[in-house]
Every structure is written in structure tokens, then in C-alpha cells.
1. Using helices alone, I'd like the mean residue ellipticity at 222 nm for the chain: each DSSP H run of four-plus residues gives -39500 (n - 2.57), total over residue count, nearest 500.
2. Report, please, the projected area of the chain averaged over directions, based on the convex hull of its C-alpha atoms, in nm².
3. At 7 Å along Cα-to-Cβ for each site, give me the label-to-label distance between residue 63 and residue 18 in nm.
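What follows is calculated from the coordinates using simple rules that are stated; it is not laboratory data. On a predicted model such as this, the values are computed, not experimentally measured, just so you know. Note that we place each Cβ from the backbone using ideal geometry, even for glycine, and neighbour counts take in every protein chain shown.
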């Protein structure tokens, strides 16, 4: 999704000024860079691409403890926990 589309969607919420959205939100196309140094990942869409990520690689570059909040139950809890994630299925 292009960054400008993300900002348009955020602006349409009218929860904060447009300039603030652009200051507070970073859009990263590379999922591995997006997760680097994060403590948590929230999956809020049913896109299948999340199933194909190298979760071991992602976990290695996250802060610890590393959490996954899976809002669509896309991932396998046992596999994520075996990798060391603290996994919550919230959908």
C-alpha cells in the first residue's frame, strides 16, 4: 500500500491534524525493516502474505520480549511460541 494512501486513511479519521499523522507515523514497505527493534507486531488484516514471512528472522531482530497480536488468527500459535514469541490471538 502506498504511503500516501495510509496517510489519506489516517487523515479521514479526523483524530489528529494531517501534519501530526506524517510526523508520528512511518510507512515501511519492507516487513523485516518494519519489525526491526519492535516489541510487538499487530496483525489486523487477513492478508495471506503474513503466513509467508520468515518469522524466525523477524524474531531475531525484535526487542525482547517479542509479542504478536494476531487479530485474524492467521499464524500458528505453536509455531510462533516455539520461536519464542509471546502470542495472542485476538480475533
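1. On the way: 5 runs with 35 residues, N = 91.
Calculated mean residue ellipticity at 222 nm is -9500 deg cm²/dmol.
2. 6.2 nm²
3. Spacing of the two 7 Å Cα→Cβ label points: 3.2 nm.
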